[in-house]
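J.: For reference, the structure I am asking about is given below.
Just so you know, all these numbers are worked out from the coordinates, no wet-lab data involved. On a predicted model such as this, the values are computed, not experimentally measured, just so you know. Cβ coordinates were reconstructed from backbone atoms using ideal geometry, including for glycine residues, and neighbour counts include every protein chain displayed.
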Amino acid sequence: MTTQTPSEQDRVVIFDTTLRDGEQSPGATMTHDEKLEVAEILDQMGVDIIEAGFPIASDGDFQAVHEIAQRTKNAVVCGLARASFKDIDRAGEAIKPARRGRIHTFLSTSPVHMKWKLQKEPHEVLDMVIAQVTRARNFTDDVEWSAEDGTRTEHDFLCRCVEAAIKAGATTINIPDTVGYTVPEEYMALFEMVRARVPNADLARFSVHCHDDLGMAVANSVAGVRGGARQIECTINGIGERAGNAALEEVVMALKVRNDVLPFHTNIDATMLTRASKLVSAVTSFPVQYNKAIVGRNAFAHESGIHQDGMLKNTQTYEIMTPETVGVKQTSLVMGKHSGRHAFVHKLEELGYQLAANQLEDAFVRFKALADRKKHIYDEDIEALVDEEIAHAHDRIKLVSLTVIAGTMGPQSATATLDIEGKHMTVQATGNGPVDATFNCIKALVPHEATLELYQVHAVTQGTDAQAEVSVRLAAGDKSVTAKGADPDTLVASAKAYLGALNKLLARGVRMHAQHSAQ
Ligand code: KIV
Ligand code: ZN
C-alpha cells in the first residue's frame with residue numbers, strides 16, 4: 001500500500017471573510033478589539049487569507065484592517081474595494097503594514113446588476129475591470145478580482161472580463177454566487193467552462209464565494225472546487241449577508257471527512273473550529289443553531305435509545321467524525337461550588353477557551369457566584385458565562401443591581417442601579433410588564449433613540465434553576481447590533497443583554513446622554 005502525500009495542486013486555500021461579509025449581517029457588528037481577537041484565532045488556525053474589512057466603509061473598518069495587517073503573523077491580510085480609485089487607494093493604505101497584503105476589488109457583471117445597479121453598458125464595465133485591477137496592482141502584486149453576481153452573468157461576457165482582469169494583473173479570480181442562486185452541478189460546470197475558455201486562466205487561482213439563500217452554499221463551494229477552483233471564501237458559523245455565506249467549519253470538514261471522494265486538503269487545524277465558532281458567536285451575539293453541522297450543541301449528541309446503544313458498542317455506528325477532531329473535548333469533570341480555580345481553568349481549556357488573565361479572574365468570580373445559586377453547573381452554563389465575559393469586557397455601562405416588582409397587581413416596577421463610566425446611578429420606573437419596567441429604567445438613565453428590534457429568551461440548560469439567555473437587537477439609524485446576557489434571573493439577563501447592545505452602539509459612535517442627575 002502506498003501513502004499518498006497531499007500535492008500542492010490539490011490544496012484549497014481558505015479565504016475567511018467573517019470580518020467583512022460576516023460582519024455585514026444585520027446585527028453582527030464587532031468592536032475593534034473583537035475584530036482583532038477574531039483575526040488572531042483565524043491566523044492561528046491556519047486560515048490563508050483574512051478579509052479584514054472594507055476600508056472605505058468607515059474609519060473603524062480602515063483602522064481594523066490596518067491593525068490586523070500589522071499584527072497578523074502568517075495569513076495574507078485583505079481589504080475589499082469597489083471599482084473606484086478612492087476605494088482601492090484606501091484599501092491599499094489599510095493593508096500597507098501587512099507582511100503579505102491583498103486587495104480584493106469587485107464589479108458586477110450580470111445583466112441585471114449592470115443595467116439597474118451600475119447603469120452601465122458592458123463595454124464600460126469591461127474598461128472599469130481593467131482600470132480597477134491596474135490601480136490595485138500599484139499597491140500589491142496580490143490582487144483578487146470578483147465578478148459580482150457571477151453566477152447570473154452571461155458566459156461570453158464573464159470570460160471576457162476574467163481574461164481582461166488576469167491580463168491587467170489579477171492573481172485570483174473569484175466568481176461569486178452573490179445571491180445564492182446556483183446549484184452544485186451548474187457551479188462546477190461554470191468553473192470548468194471559464195477555465196477551458198479563458199486563454200490566460202492558468203495564470204490565476206480561481207475562487208468560490210457562495211451565499212446560502214437556498215441552503216446550498218457549502219455544497220456549491222465544494223462543487224466549485226471540483227470544477228477547478230482552489231480558493232474557498234467562507235465565514236465562521238456561516239454568518240454573512242442575508243442567509244449567510246458557506247460555513248468555514250463545514251467546508252473544511254467536508255473535505256477532510258470525505259477525502260475519499262473529495263481529494264483536496266486545506267491547512268486548517270480543525271481542532272480549533274469549536275473555539276473559533278464560540279468566539280464568533282460570543283462577539284457577534286449570534287447564537288449557533290443547536291443542530292448546526294460541526295459546531296452546533298447537538299452535533300455530537302445522541303438522544304435516542306437505539307443510537308445510544310450503537311454508540312456504546314462502537315462510536316462509528318453513528319459518528320462520521322469524532323468530536324475531538326473539531327475541538328470538542330469529552331469530559332467527566334463536574335463543576336460546582338467546591339471547584340477551585342485550577343479546575344475552572346482546566347474546564348475552560350476543555351471547552352476551548354483561552355482567556356486573558358483579567359478576563360479569567362472576572363469569569364472565575366462570576367462562576368463562584370453562579371455556583372452559590374445553582375446546584376449543577378453544566379458546560380453550557382460556563383460557556384454562557386464566559387461568552388458574556390468576552391462580549392462585555394469593554395462595556396462602558398454595566399448593571400450593578402436590579403429589583404423588580406412583578407405579578408398580577410400592575411403596573412410592574414423596577415429599580416436599577418447602573419455603573420456609567422465609573423459612576424453609580426439609580427432610578428425607578430414602571431412599565432407594561434417587568435421587562436418593560438427594566439428597560440424603562442435603562443432608558444431613564446441612558447436616554448437614547450435606539451429602537452428594540454428583537455427580544456428573545458431561551459434557557460441555557462434544563463430545570464427551573466436554569467440560566468436564561470436573552471438576546472436583544474437594537475437599531476439606531478443605519479446601525480443595528482445584537483447582544484446576549486445570561487443569568488438565572490431572566491430580568492437580570494434581559495437588562496444585561498439590553499446594556500450589552502447599548503454598549504455596542506456606543507462603541508460604534510452612536511451618541512447617548514447619561515442622566516447624571518438621576519438618583
Ligand atoms: O457576495 C458577493 O458577491 C461579495 C463580493 C464582494 C465578492 O461579497
Ligand atoms: Zn458575499
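J.: Which of the listed residues, 431, 151, 69, is farthest toward the dipole's positive end in the chain, when Lys, Arg count +1 and Asp, Glu count -1 at the beta-carbon?
T.: So the residue we want is 431.
J.: Also: Using only Cα atoms, find the angle between the long axis of helix 248-257 and the longest principal axis of the chain, and express it within 0 to 90 degrees, rounded to the nearest 10.
T.: With rounding to tens, the tilt is 70 degrees.
J.: Quick one: dipole size for the stretch 436-515, taken about the Cα centre, charges +1 on Lys/Arg Cβ and -1 on Asp/Glu Cβ, in debye to the nearest 20.
T.: Dipole of the stretch 436-515, to the nearest 20 debye: 380 debye.
J.: Between exposed trypsin sites (Lys or Arg not before Pro) in the chain, where DSSP calls loop and at most 10 other Cβ atoms lie within 10 Å, what's the longest gap?
T.: Values: sites that count: 73, 375, 511.
Counting at most 10 other Cβ atoms within 10 Å as exposed, the longest clean stretch of the chain is 74-374.
J.: What is the extension gain from residue 453 to residue 346, computed as 0.36 nm multiplied by their sequence separation minus the C-alpha to C-alpha distance, in nm to one decimal?
T.: 34.7 nm
J.: What ³J(HN,Hα) values, in whole Hz, does the Karplus curve 6.51 cos²θ - 1.76 cosθ + 1.60 give for the stretch 44-52 when θ = phi - 60°, with x put for Gly and Pro?
T.: Working through the residues one at a time gives 5, 7, x, 4, 7, 10, 9, 7, 8 Hz.
J.: Continuing with the same structure: Just how large is the dipole of the stretch 265-395 about the Cα centre, in debye to the nearest 20, putting +1 at every Lys and Arg Cβ and -1 at every Asp and Glu Cβ?
T.: Rounded to the nearest 20 debye, it is 260 debye.
J.: When only C-alpha pairs under 8 Å and at least 6 residues apart count, what is the relative contact order of the stretch 14-284, in percent?
T.: Over the stretch 14-284, the number comes to 18 percent.
J.: Roughly how tilted is helix 341-350, in degrees to the nearest 10 and between 0 and 90, from the longest Cα axis of the chain?
T.: 30
J.: Using only Cα atoms and rounding to the nearest 10 degrees, what angle (0 to 90) does helix 490-507 make with the longest principal axis of the chain?
T.: Helix 490-507 sits roughly 50 degrees off the main axis of the chain.
J.: For labels at residue 261 and residue 130 in the simple 7 Å Cα→Cβ model, what's the distance in nm?
T.: 4.5
J.: With r as the distance between the Cβ atoms of residue 317 and residue 394 and R0 = 45 Å, compute the FRET efficiency 1/(1 + (r/R0)^6) and round to 0.05. Could the numbers behind the result be given before it?
T.: Working: r = 46 Å, r/R0 = 1.03.
E between residue 394 and residue 317, to the nearest 0.05, is 0.45.
J.: Which of the pairs 398/443; 35/368; 278/484; 398/484 have their Cα atoms more than 19 Å apart in this structure?
T.: Result: 35/368 exceed 19 Å.
J.: Within the set of other residues whose C-beta is less than 14 Å from the C-beta of residue 422, count the net charge using Lys and Arg as +1 and Asp and Glu as -1.
T.: Local charge sum for residue 422: 0.
J.: Right, here's the next one. Taking the Cα centre as origin and putting +1 on Lys and Arg beta-carbons and -1 on Asp and Glu beta-carbons, what dipole magnitude results for the chain, to the nearest 20 debye?
T.: 660
J.: Still on this structure: State the answer as a single residue: which of 239, 401, 210 lies farthest towards the positive end of the charge dipole of the chain, with beta carbon charges of +1 for Lys and Arg and -1 for Asp and Glu, about the Cα centre.
T.: Final value for the positive-end residue is 401.
J.: Which far-off residues, 5 or more places away or on another chain, put their amide H under 5 Å from the one on residue 177, with H placed in the peptide plane?
T.: When sequence neighbours closer than 5 places are left aside, the close amide H contacts are 209, 210, 211.
J.: Let me ask something else. Kindly provide the GluC sites (Glu not before Pro) of the stretch 433-503 that DSSP labels as loop, not H, G, I, E or B, and whose Cβ sees at most 14 other Cβ atoms within 10 Å. Write out the running numbers ahead of the final one.
T.: Values: sites: 449, 453, 469; in loops: 449.
Counting only loop positions with at most 14 other Cβ atoms within 10 Å, the GluC sites (Glu not before Pro) in the stretch 433-503 are 449.
J.: Something else now. Please list, in order along the stretch 440-454, the HN-Hα scalar couplings obtained from phi with the Karplus expression 6.51 cos²θ - 1.76 cosθ + 1.60 (θ = phi - 60°), rounded to whole Hz, x for Gly and Pro.
T.: Along the stretch 440-454, the couplings run 5, 4, 5, 5, 5, 7, 10, x, 7, 9, 4, 10, 7, 9, 8 Hz.
J.: For the chain, what is the calculated [θ] at 222 nm in deg cm²/dmol (nearest 500), taking -39500 (n - 2.57) for each run of four or more DSSP H residues and dividing by its residue count?
T.: Numbers: 15 runs with 193 residues, N = 519.
Value at 222 nm, helices only, nearest 500: -12000 deg cm²/dmol.
J.: Could you calculate the contour length gain from residue 513 to residue 100, that is, 0.36 nm times the residue separation minus the distance between their Cα atoms, to one decimal place in nm?
T.: 144.4 nm
J.: On to the next question. Specify which residue in the list 503, 219, 294 is farthest towards the positive end of the charge dipole of the chain, using unit charges on the beta carbon of Lys, Arg (+1) and Asp, Glu (-1), about the Cα centre.
T.: The residue sitting most towards the positive pole is 503.
J.: Moving on. Simple spin-label model, 7 Å along Cα-to-Cβ: residue 421 to residue 73 in nm?
T.: That separation, rounded to one decimal, is 3.7 nm.
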